[in-house]
Amino acid sequence: MDCLFCDHPKAHKHGKPSKGGQRYRCAACRRTFTDTFDTLYCRRQVTPEQVEIILQAHAEGSSLRGISRIGKRAYGTVVDIVLKASYEGQLVHNEEVEDVECRQITADEMWSFVKKQKRCEPDEIAVGDCWLGISLANESGLILSLRVGKHTDAFLQELVANTEGKTACQLWCTDNWGGYERVPPEEITHYIGKENTQRLERTNGIVRQQTGWWYRRQNKFGKLWKQIEVTARLVVSYFNWIWQHSRTTDTAAQRTGLSIQPWDWHDIATYPTFYCFYDGLVSYIERTCEDDCV
Ligand SMILES: [Zn+2]
């Protein structure tokens, strides 16, 4: 085992941490580390297989309590794993989705609601109507940006700004919501028309299917705004990197040239969350998500 801190090739086994796995100690710098360092499995008594089942079930719309009951894992453990994976999914999106080649961006929004449907005060921003805005690279189906928020011009501005960070493409196609007329900067070419949003409609359908509350909103809507954001990040990770098209058997990331093979949940769970830097010794500092939602 190579040392994580000084690359010295002789790090020896050094006991077992209480939550399982293997601890190592470097013969040169004498620091210790575990084989699950900087992964979702670190300090958690779960196997990669269990994590995969939890994340897949949640991405397909199972409730956290349902997963907890069926998988016989503590509810807190399930929530903790979903939160951590969602954070890693955000890092993946921030780091890996860039310079996307596409000829046309398609944007649409979906309605859902949080906690209650009616009688929302204007200052109640965390309950009531909840919109999901999605922008998509039209040819590959890659999700460029997804925002959760109120249906306002500012919401749309965020969607446009986030999308601009991912691709140089400036040809937008949307449905006829007026906000798109007011918000996009001058340099953007904008088409309105349902005939051009077919791909997105299909994506919306799949995203809805995989996000239970949005799909069955009558009886199972999201109880917490935060949870919708968390699930949104997870679903975007799934949809861009893991989900394979039934006919072409490739992922959106592959079609865009961002990856050469499909990812699985293990790739998300082990995505680096620490920056490594050298300061006399190799040190690690935790990455932060600048963006609160994909
Ligand atoms: Zn070392």
Considering residues of region 48-61 that are crowded, with 18+ Cβ neighbours inside 10 Å and either over 19 Å from Gly20 (Cβ atoms) or of a type in the set (Lys, Arg) (or both) only, the residue modelled with the lowest pLDDT: Gly61
Residue match in region 95-110 (condition: part of a helix (DSSP H, G or I) and hydroxyl-bearing (Ser, Thr, Tyr)): no
Selected residue (only one of Trp243, Trp214 is of a type in the set (A, V, I, L, M, F, W, C) and modelled with pLDDT under 70): Trp214
Subset tally (residues that are part of a strand (DSSP E or B), under 19 Å from the mean Cα position of the chain (by Cα) and farther than 18 Å from Thr231 by Cβ) for region 129-172: 5
Within region 239-251, tally of residues that are buried (at least 23 other Cβ atoms within 10 Å of the Cβ) and touching a residue at least 24 places away in the same chain (Cβ under 8 Å): 3
Test: residue in region 45-65 that is of a type in the set (S, T, N, Q) and farther than 20 Å from Thr231 by Cα: yes
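The values are calculated or read from the model by the stated rules, or taken from the named source; none is laboratory data. A quick note: this is a predicted structure, and the numbers were derived from the prediction, not measured. Methodologically, a virtual Cβ is constructed for each residue, glycine included, from the backbone with ideal geometry; neighbour enumeration extends over all protein chains shown.
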